[in-house]
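Bear in mind these aren't lab numbers, they're just calculated from the coordinates by the rules spelled out. Since this is a predicted model, take the numbers as computed values, not measurements. Cβ coordinates were reconstructed from backbone atoms using ideal geometry, including for glycine residues, and neighbour counts include every protein chain displayed.
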Amino acid sequence: MTCDELRRRLDDYLDGALQAEERTDIEAHLADCAACRAELDELEGLVRRLGDLPEAIEPPRDLWPDISSRLAPPVVVAGRFGSSARRWMAVAASVAAALAALLVAYSTGLQHGSEEAVTAREATPLAVPAGLEDTGFAEAEAEFSAARDRLLATLAERRDSMSPETLRVVDDNLRVIDEAIERISSALVDDPLNPRLANQLASAYRRQIELLQRASRLPAET
Amino acid sequence: MRRMATYAVMFLMAAAPAWAQRQVDEVRSLDPDGRVSVSNLAGSVTVVGWSDARVQITGTLGKNVEDLQIEGDARELSIEVDVPKHADDLDTELVVRVPATARVEIETVSATVSIEEMTGPIDVETISGWVKTSSRPSELSIETVSGDITVAEAARRTDLSSVSGRVSVQQAMGRLDVETVSGGVRVTGGDLEYASFETVSGDISYAGAIADGGEFEFESMSGTISLELPAAVSADFDVSTFSGDIDNDIGPRPRRTSQYTSEEELSFTAGSGGSDVTISSFSGSVKIRAR
């Protein structure tokens with residue numbers, strides 16, 4: 001097995017999708033080839049970082065405009081990885097870019113018109129996934145987290161002015177979205193390179209933010 | 001003498017309800033492209049378009065209403081029912097005739113709103129009032145919390161929003177945006193070019209055509225999305241659901257997109273395509289039927 005042949009099969013190797021004989025060939029080559037071992041290490045690290053993404057992102061709690069349109073177009077990926085390392089890297093970059101864009105767009109939305117915009121100073125920082133330090137992720141995420149806290153606080157203050165029926169509707173539907181975020185995030189941990197899941201997650205975030213902001217702005221009923 | 005006094009008291013008691021329901025009959029000038037705003041807490045507001053360059057306000061004020069304030073000029077007129085805090089018996093019934101092409105803005109809490117014969121832009125905000133329109137304004141924006149929305153003829157641009165109120169639209173056209181939290185959405189007929197339907201837990205039902213070059217987006221978390229389309233529809237469909245079912249009459253069967261989840265997706269072109277139909281749900285089912 002040549003280095004090129006091995007690299008074409010690395011994604012399937014990581015996915016556990018190879019037959020036993022092919023795995024043995026690859027492992028034999030890896031034992032003797034430092035360059036291919038380095039390539040394998042790099043891919044494994046990237047998979048770990050991408051797998052961390054959904055868990056590292058807290059649900060946003062404020063409006064950001066047309067987030068879906070900023071996300072990468074849906075790409076259907078069969079299984080954990082694509083059929084080649086190059087494709088896999090492209091999809092990985094797409095998902096990372098989509099999630100980073102989600103937060104950057106959210107941050108931009110806050111800076112341009114949201115009444116609930118808050119400064120990064122008030123944020124409770126969350127962990128920034130390794131490899132995304134230079135994407136604006138940390139800054140966007142900090143604003144994102146702060147705005148979420150602010151909106152939740154605003155909603156808590158306003159609960160007495162809302163009718164029991166409206167409160168029930170808001171609470172019930174926040175639970176629906178919470179459950180969706182939890183389940184999609186969990187699925188992304190298993191299937192981190194599925195852009196449709198990333199889009200579903202972004203959509204759920206957006207719906208939750210819209211609902212929270214809307215509930216915070218409802219006219220007093222009592 | 002005592003008997004006369006008794007009769008006097010009885011007369012006053014009988015007359016009190018008539019006095020309590022004070023009658024309103026006011027007229028003001030308003031340019032055909034002027035703006036009129038109406039604010040009424042409870043009762044009803046009926047706006048009727050006519051060809052006169054005047055606004056006529058008729059109806060009855062609630063027993064504990066303080067005043068009906070009418071301010072402004074022929075460009076911009078404000079009609080506001082003044083009420084004290086924490087009072088009952090505030091139901092005020094207003095019929096407001098305005099130039100049909102004027103811009104009308106209405107704000108209520110529980111008062112129902114009815115719009116008739118208007119062709120100018122309409123903007124309605126209410127908490128629990130039922131809003132009903134039976135004419136085709138140039139633009140229409142309605143926002144409610146629990147109030148239902150019934151639109152007989154949508155505008156070329158229509159924005160409808162509710163929390164738990166149900167939304168019903170007939171003869172939609174142009175651009176239609178509908179957003180609810182738990183309220184159901186039903187849209188039938190019309191000639192839409194762009195439509196966006198979003199809900200968290202409400203069901204969405206659309207029965208109508210897909211215009212050539214149109215763009216239709218349906219999004220739900222747990223609500224069912226049902227489309228009833230012409231059998232000869234031409235459109236590019238992109239359907240996905242995380243855990244709901246996809247039931248499709250006019251194209252191929254959906255397929256799972258991940259070995260790790262029950263997520264399903266369905267992308268296909270019906271007819272010659274040319275329009276975009278995007279459907280997305282989390283756990284809600286998707287049904288596409290041919291008429």
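Odds and ends about this structure:
- Per residue, the convex hull around the alpha carbon atoms of region B:95-174 comes to 64 Å³.
- Each DSSP beta bridge with both residues in chain B is either parallel or antiparallel, and the antiparallel ones are about 20%.
- At R0 = 35 Å, FRET efficiency that the Cβ-Cβ distance of A:Asp178 and A:Thr2 yields, to 0.05: 0.10
- Kirkwood radius for region B:148-291, taken over all pairs of different Cα atoms as the inverse mean of 1/r, rounds to 14.9 Å.
- In plain terms, the chain from B:Asp212 to B:Glu26 could stretch by 62.1 nm, reckoned as 0.36 nm per residue minus the Cα-Cα distance.
- Charging the Cβ of each Asp and Glu at -1 and of each Lys and Arg at +1, and nothing else, the dipole of chain B about its Cα centre rounds to 1020 debye.
- Peptide A:170-177 - average C-beta neighbours from other chains (10 Å radius): 5
- Placing +1 on the Cβ of every Lys and Arg and -1 on the Cβ of every Asp and Glu, with no other charges, gives region B:148-291 a dipole of roughly 320 debye about its Cα centre.
- By the rule of a C-alpha distance below 20 Å, with chain neighbours fewer than 8 residues away ignored, the lysines paired with B:Lys63 are B:Lys85.
- With one equal scatterer per alpha carbon and no solvent term, the Debye-computed log10 I(q)/I(0) for region B:196-272 at 0.15, 0.24 1/Å reads -0.55, -1.30.
- Calculated P(r) of region B:17-109 - Cα pairs past 19 Å, %: 35 percent
- Exposed loop sites are taken as GluC sites (Glu not before Pro) in a DSSP loop (any state but H, G, I, E or B) with at most 16 other beta carbon atoms within 10 Å; the longest stretch of chain B without one runs B:118-291.
- Modelled spin labels at B:Ser262 and B:Ser78, positioned 7 Å past Cα toward Cβ, are 5.5 nm from each other.
- The residues packed around B:Gln23, meaning those with a beta-carbon under 15 Å from its beta-carbon, carry a net charge of -3 if Lys and Arg are +1 and Asp and Glu are -1.
- The C-alpha atoms of chain B define a longest principal axis, and helix B:2-20 lies at about 30 degrees to it.
- Each Lys or Arg adds one and each Asp or Glu takes one away; over the other residues whose Cβ falls under 11 Å from the Cβ of B:Ala270, this sums to -2.
- In this rough spin-label picture, where each label sits 7 Å from Cα along the Cβ direction, the B:Asp33-A:Asp149 distance is 5.1 nm.
- Distant-in-sequence amide contacts of B:Arg22, defined by a placed amide H-H separation under 5 Å and a gap of 5 or more residues or a different chain, comprise B:Leu61.
- Modelled spin labels at A:Asp171 and B:Ala290, positioned 7 Å past Cα toward Cβ, are 4.8 nm from each other.
- DSSP-assigned coil residues among trypsin sites (Lys or Arg not before Pro) in region B:46-121, each with at most 13 further Cβ atoms within 10 Å: B:Arg75, B:Lys85
- Gain on full stretching of the segment that runs from B:Glu105 to B:Thr188 - 0.36 nm per residue minus C-alpha separation: 27.3 nm
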